[in-house]
Amino acid sequence: EDPLSRQTTMAQNKGVKVSTVHDLLRRSYNIVKMMTLLLTVFLAWPNSNVAVQAFTTPAAPTHKRLHLLTFDLDDTIFPIGPVVAEANDAMISRLQTFGYTDANNDEIVAASKRIRNELREAGEALTYTDLRKQSIRREIMRLTDLQHHQVDDSIVEDVFDSWLSTRHASADKHLFSDCVDALEAIQIQHPDAIIGAITNGRGNPLFMPSVKDFFHFCVSGEDEGVFPKRKPDKGIYEAALGTFYNLRKEESPDSLNWIHVGDDLANDVGAAAITGAKSIWLSAEEEESDLPSWSTATKEEMERRAMLNDSAKKYVSSKISSLNELESAVMHILTGER
């Protein structure tokens, strides 16, 4: 007698309606047999790991994998105006603590322009770091009877360090309000992507507490092996690619998906695209045409920049007005949309 018949007989003896009990027991018995069969096949399957993966592996992505995302810094993740202004204030304050009470930032900017003109005539180049240090030295000379070689190098270094540390602190304080959220979204959606910074100056997100954990590296136009190949020269971008491949030796240049984000058409969009990146242009609705007071760029340099900007527009892969649009722009590029 099979188990089902025994269960039915017991139910009859207790006065339970036979048809109802029989139906319930039949269904239960079929379910148990089916589960037993599935378990037997599963355990006997030589490649049972395949079965596990079939239930646990997520669906394949519908977009390309992002390998590298790089950012410009100034006016891309923070506004450069207030950052440099606060750094300059710290520099003047530090000079005053050494007794140079009449130190003046306008004089330092003027000295920087004179130094650049001298270098241009001599066909020489100078890092922004050395340019600022020389300008600090000349301000001390202006306020004293000291000659160039008589100025205390340690004071120049101290004043410069004050400027640089304040620049980093101010940049961290003035981060665009959507910067951290945008970086978090990228990190969540593209957890394997390397994130880097490419900048001509001395800004470095690795020294900015609010964002340092998002970035894997920073390449500066001041770096040994990069200078004088600042943006828009390809050299600085090639150096960034070299850093990436040192971090990801298994990646192939032939399959690299690299996106660069920046506010400058010539320096960021065009130069990065020529080096192999897809470029996202962060462009505010209204762009300033006047140079900031601290800039040492010449009229000729600005005219050349305008021409480069026009020629770089064709390289824009996506245009955004704020960083809260970044993840959407990245996905459009990876899916081939515009």
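Can you give me the solvent accessible area of residue 153 with a 1.4 Å probe, rounded to the nearest 10 Å²?
Its heavy atoms expose roughly 90 Å² to the probe.
By the gyration tensor of its Cα atoms, with a ≥ b ≥ c the square roots of the eigenvalues, what is the shape of region 181-267: rounded for a/c under 1.5, prolate for a/b over b/c, or oblate? Walk me through the numbers on the way to the answer.
Details: a/c = 1.61, a/b = 1.18, b/c = 1.36.
Because a/c hits 1.5 or more and a/b fails to exceed b/c, region 181-267 counts as oblate.
Among the lysines, which have Cα under 16 Å from the Cα of residue 64 when same-chain residues fewer than 8 positions away are ignored?
Result set, ordered by chain and number: 278.
Using θ = phi - 60° and the Karplus relation 6.51 cos²θ - 1.76 cosθ + 1.60, list the HN-Hα couplings for region 152-169 in order, rounded to whole Hz, with x at every Gly or Pro.
3J(HN,Hα) across region 152-169, in whole Hz: 5, 4, 5, 5, 4, 5, 4, 5, 5, 4, 5, 4, 5, 5, 5, 4, 5, 5.
Amide H to amide H, which residues 5 or more places from residue 219 or on other chains are under 5 Å from it, using H placed in the peptide plane?
Here 197, 198, 199 satisfy the definition.
Ranked by accessible surface with a 1.4 Å probe, highest first, in what order do 298, 101 come?
Details: 298 25, 101 95 Å².
Per-residue accessible area, sorted high to low, gives 101, 298.
The values are calculated or read from the model by the stated rules, or taken from the named source; none is laboratory data. Predicted model, so just to flag it, every value in this text is computed and none were measured. Ligands, DNA and RNA are stripped out before the accessible areas are found, and what is left, the full protein with its side chains, is counted by its heavy atoms. Shrake-Rupley method; radii C 1.70, N 1.55, O 1.52, S 1.80 Å.
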